[in-house]
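Down below is the structure, laid out as structure tokens.
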Amino acid sequence: MEKRVFSGIQPTGSPHLGNYLGAFRNWVALQEDYDAFYCIVDLHTLTLPWDPAALERRSIEGAAALFAAGIDPAGTVVFRQSHVAQHAELAWILTCVARMGELRRMIQFKEKSRGGDAESIGAGLFAYPVLQAADVLLYQAHGVPVGEDQRQHIELMRDLAIRFNSQFGDTFVVPEAYIPKEGARIMALDDPADKMSKSSKRPNSVVNLTDEPELVAKKIKSAVTDSGRDVIAGGDKPALTNLLMIFSLFDGSTVPELEERFAGSGYGDFKTALAETVIEGLRPIRERYLELMGDPAELNRLLAEGAAKAAAVAEGTIASVWERVGLGPRPGPQ
Ligand code: AQP
């Protein structure tokens, strides 16, 4: 069997530079050598308060962003999670294999539930890493290309796969996290201690893939920098380290090469060059995105085609899970 990768993006907002540099770029590269499944994980979006009127549009935008970044619908399976019912079915069975203690340890749960009243936090937010495990295990994926923030969730899905396999017999491939060495954590432009994030309430913290060139330039110009004058990366220069990383990932130069190129320049010149590089890097993606969004029917057709291919694989896995846990053979169509 060709090795398989699975990953997903939540339709929680407009995809941004962090999603592109930390995830999509690698997803595009991996589709050359792997059987690739990329999913718009709309069920995950329901774990925090959401806008029902926006969910479908955001899901279609997520698909457009993936195709615009270079995902090829001819060879790669792109689909909406909610269109393949086996995700929710396997999630329930794995919820019964997971333990409260291991879910309670998830950093993202701790972060996203912080500040709220612990008693009124949605149970979905607590259980969602199990749904994420189901997403990957259904496809017998070997690799899960994600940003650094997802490492702990991949560890959990490995534990669940190993536990299930030893309790019920070999059923799942135990997946590995494929985390890029560079770009795995792009930080907010206005606060290098905070991850660049779709759901940020601060528009200047994020460069969206659809931002117009003038807006990209404005956001980069207003990005925070560190004390001092030199354009150098380092532990005590978190803002410049982040900006240099973004520059390097678009431009192909290493960070030391960029430090040399900008030695003696002020922050202003550096930011102008960075803005030009980012604008040029995003230009083809943005243009293709706008073109794709002009034909939502075609995007829906591609997603339906993807869901049919995904369901065929997912059904094979869930059928063996049912047999192994004692639910018996799957009934035919109702
Ligand atoms: N800042 C980032 N740097 C590098 N990689 C990132 N990813 C997200 N933010 C960064 C990676 O993008 C993929 C899709 O992410 P997601 O949609 O599942 O949600 P997320 O990780 O929760 O991303 P956001 O933007 O922070 O969304 P919200 O605000 O909704 O939580 C993943 O592989 C992720 O690692």
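The values are calculated or read from the model by the stated rules, or taken from the named source; none is laboratory data. No experiment lies behind these values; they were computed from the predicted model shown. Counting neighbours? That spans all protein chains shown, and the Cβs are built from the backbone with ideal geometry, glycine included. We work out accessible area using only protein heavy atoms, side chains counted, and drop any ligands, DNA or RNA first. Shrake-Rupley method; radii C 1.70, N 1.55, O 1.52, S 1.80 Å.
Accessible area per residue of segment 17-78 at 1.4 Å probe, in Å²?
It amounts to 36 Å² per residue over segment 17-78.
I'd like the antiparallel share, as a percent to the nearest 5, of DSSP beta bridges with both residues in the chain.
20 percent
For Lys219, which lysines qualify as cross-link partners when the Cα separation must be under 27 Å and same-chain residues fewer than eight apart are set aside?
Correct list for Lys219: Lys112, Lys181, Lys195, Lys198, Lys201, Lys237, Lys271.
Determine the calculated [θ] at 222 nm for the chain from helices alone, applying -39500 (n - 2.57) to every DSSP H run no shorter than 4 residues and normalising by the residue count; nearest 500 deg cm²/dmol.
-16000 deg cm²/dmol
Could you give each residue of segment 230-242 its phi-based ³J(HN,Hα) in whole Hz, using Karplus coefficients 6.51, -1.76, 1.60 with θ = phi - 60°, and x for Gly or Pro?
Per-residue couplings from phi come out as 7, 7, 9, 8, x, x, 8, 10, x, 6, 5, 4, 5 Hz.
Give me the angle, in degrees from 0 to 90, between the Cα long axis of helix 151-168 and the longest principal axis of the Cα atoms of the chain, rounded to the nearest 10.
10 degrees
Express the Stokes-Einstein translational diffusion coefficient of the chain in µm² s⁻¹, to the nearest whole number, given a Kirkwood radius over alpha-carbon pairs, 37 °C and a viscosity of 0.692 mPa s.
The estimated diffusion coefficient comes to 156 µm²/s.
For segment 36-104, which whole percent of the accessible surface, found with a 1.4 angstrom probe, sits on carbon and sulfur atoms?
Summing carbon and sulfur atoms, their accessible area is 60 percent of the total for segment 36-104.
Within segment 16-33, whose backbone N sits under 17 Å from a point 7 Å along Cα→Cβ of Ala74?
Those under the cut-off are 28-29, 31-33.
Taking amide H positions as placed 1.01 Å from N in the peptide plane, with prolines and chain starts having none, which residues 5 or more places from Ala188, or on another chain, fall under 5 Å of its amide H?
Asp194, Lys195, Met196
Hey, can you find the accessible area per residue of segment 187-292 for me, probe 1.4 Å, expressed in square angstrom?
Ligands and nucleic acids excluded, the result is 51 Å² per residue.
Roughly how tilted is helix 52-69, in degrees to the nearest 10 and between 0 and 90, from the longest Cα axis of the chain?
It is inclined by approximately 70 degrees.
Give me the extension gain from Leu290 to Arg57: residue separation times 0.36 nm, minus the current Cα-Cα distance, reported in nm with one decimal.
Values: separation 233, 0.36 × 233 = 83.88 nm, distance 1.38 nm.
Contour length minus Cα-Cα distance gives 82.5 nm.
Can you tell me the 0 to 90 degree angle between the C-alpha axis of helix 296-325 and the longest principal axis of the chain, rounded to 10?
Here the helix axis deviates by roughly 50 degrees.
In nm, give the distance between the simple-model label positions of Glu119 and Glu276, each being 7 Å from the Cα along the Cα-to-Cβ direction.
So the label points at Glu119 and Glu276 sit 6.0 nm apart.
Accessible area of segment 187-292 with a 1.4 Å probe: how many percent of it is carbon plus sulfur? Write out the running numbers ahead of the final one.
Working: 2730 of 5350 Å².
Percent of accessible area from carbon and sulfur atoms in segment 187-292: 51.
Extension gain Ala88-Ser320, at 0.36 nm per residue separation less the Cα-Cα distance, in nm? Before the final figure, lay out each step's value.
Details: separation 232, 0.36 × 232 = 83.52 nm, distance 1.58 nm.
Roughly 81.9 nm would be gained on extension.
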